[in-house]
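Worksheet for the structure shown next.
The values are calculated or read from the model by the stated rules, or taken from the named source; none is laboratory data. Please read all numbers here as calculations on a predicted model, not as lab measurements. Quick reminder, even Gly has a Cβ in these numbers, built from the backbone with ideal geometry, and neighbours come from all protein chains shown. Note: accessible area is taken over every heavy atom of the protein model, side chains too, but ligands, DNA and RNA are not part of it. Shrake-Rupley method; radii C 1.70, N 1.55, O 1.52, S 1.80 Å.
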Amino acid sequence: MVPLVAVVSGPRAQLFACLLRLGTQQVGPLQLHTGASHAARNHYEVLVLGGGSGGITMAARMKRKVGAENVAIVEPSERHFYQPIWTLVGAGAKQLSSSGRPTASVIPSGVEWIKARVTELNPDKNCIHTDDDEKISYRYLIIALGIQLDYEKIKGLPEGFAHPKIGSNYSVKTVEKTWKALQDFKEGNAIFTFPNTPVKCAGAPQKIMYLSEAYFRKTGKRSKANIIFNTSLGAIFGVKKYADALQEIIQERNLTVNYKKNLIEVRADKQEAVFENLDKPGETQVISYEMLHITPPMSPPDVLKTSPVADAAGWVDVDKETLQHKRYPNVFGIGDCTNLPTSKTAAAVAAQSGILDRTISVIMKNQTPTKKYDGYTSCPLVTGYNRVILAEFDYKAEPLETFPFDQSKERLSMYVMKADLMPFLYWNMMLRGYWGGPAFLRKLFHLGMS
């Protein structure tokens, strides 16, 4: 392997290489929370809805502000997953077991874990209800309920996953099926889809396409594979700089991309996928497949869609700069469940957590928030088993890059960061409330270059 110091260009190479080496270390579970998982009280200073990346991160930050005994998380799931790594799991480059840990191990010590599902939000009365008939009130509410996967909106799913040749990297139940379909591929169409809805990690549907193409080349099957990316969108990527780079890869690797094509049905018993032409509603096309990777339609969680905190589309209605709710000043949102006009990624959540921390701090002091979120998000576009284009951009879809080199180029260093460093930062810094995104690194690099 080429030494990372040689791969990363720029005067800060040694620092970055050091971080990468740190990221490859084996780190055990945090074991932060060992208490009972039940509601000990019916009122909390800060109540967090959701135990995903945004919820755990904000609970850790709020613990330092108001004390662990005054913070609670409502979350029904027994396991917490680092989902960005599932792209590599679906391609056989990582094990599924590496992506998950017990929820109890990531909840900050002393913070109350209410192991239940939220069934109703009543912000006018500063309370929520759970599926075990508990009513819990709060002074401040942080909504971090994530996004809902709607496989059932595609005819033939989810029951179609019982058949071979079909998988999806978006669910813990189906990500290993992608790897099985990839291994079992013999000859024919390998189809990858992108739905006609907002999604989390919008780069993931095409990442698995590039990885599959690389796998076919490695196993001598490339000449027998017709690789098709059918997307509901009108462009391969929303930021021109990275879209241009991806178009070059698509042409070089002879990949077929069809725009405005939405998957509406899977006939898994016949290995057929049905697509609607969004430019001509009602016009459909049936394509046979040897492998099918599905990105499901997604939507706000059902509990939010009819809630007073939601906008007309069902997303938590927050100010895009402060993350404070537009109508309820003691309610805040973070991550995939919000209507923030940026890509829904874990990197975005990290950046949002730092801003939201500052927002809540000043609100608690009856002051006006001044720190503003610029829409920063990141998508490590995996283009092979050892290459990544690191896309970073803001609300304006303008590049907002961290490193002092052209990030639209495929790089080994960025792959190592994706595969090894970022999981380390997630489990050991972000979930502990100490990682607010790479803004400080960006300042460090750019100051050093000036």
Out of all the residues in the range 196-203, is one or more of a type outside the set (V, I, T), under 20 Å from F161 (Cβ atoms) and over 18 Å from the mean Cα position of the chain (by Cα)?
no
Residue satisfying condition, being hydrophobic (A, V, I, L, M, F, W, C), crowded, with 17+ Cβ neighbours inside 10 Å and part of a helix (DSSP H, G or I), within set L441, L425
L425
Output yes when any residue across the range 258-265 is open to solvent by less than 10 Å² (accessible area, probe 1.4 Å) and in contact with a Gly (Cβ under 9 Å, 6 or more places away or on another chain), and no when none is.
no
Considering T342, T322, which residue is in contact with a helix residue (DSSP H, G or I) (Cβ under 7 Å, 6 or more places away or on another chain), open to solvent by less than 30 Å² (accessible area, probe 1.4 Å), farther than 29 Å from Y151 by Cα and not hydrophobic (A, V, I, L, M, F, W, C)?
T322
Wholly enclosed helices (runs of 4 or more DSSP H) of the range 38-136 bearing at least 2 residues hydroxyl-bearing (S, T, Y) and open to solvent by less than 10 Å² (accessible area, probe 1.4 Å):
103-106
Does L400 satisfy being open to solvent by 30 Å² or more (accessible area, probe 1.4 Å), within 20 Å of the chain's Cα centre (by Cα), on the phi < 0 side of the Ramachandran plot and of a type outside the set (D, E)?
yes
Residue check for E213: in contact with a helix residue (DSSP H, G or I) (Cβ under 8 Å, 6 or more places away or on another chain), open to solvent by 30 Å² or more (accessible area, probe 1.4 Å) and among the acidic types (D, E):
no
Those residues that are of a type in the set (D, E, K, R) and either touching a helix residue (DSSP H, G or I) at 6+ places or on another chain (Cβ under 7 Å) or without any contact (Cβ under 8 Å) to a residue 24 or more places away in the chain (or both), I need them from the range 373-391; list them, please.
R387
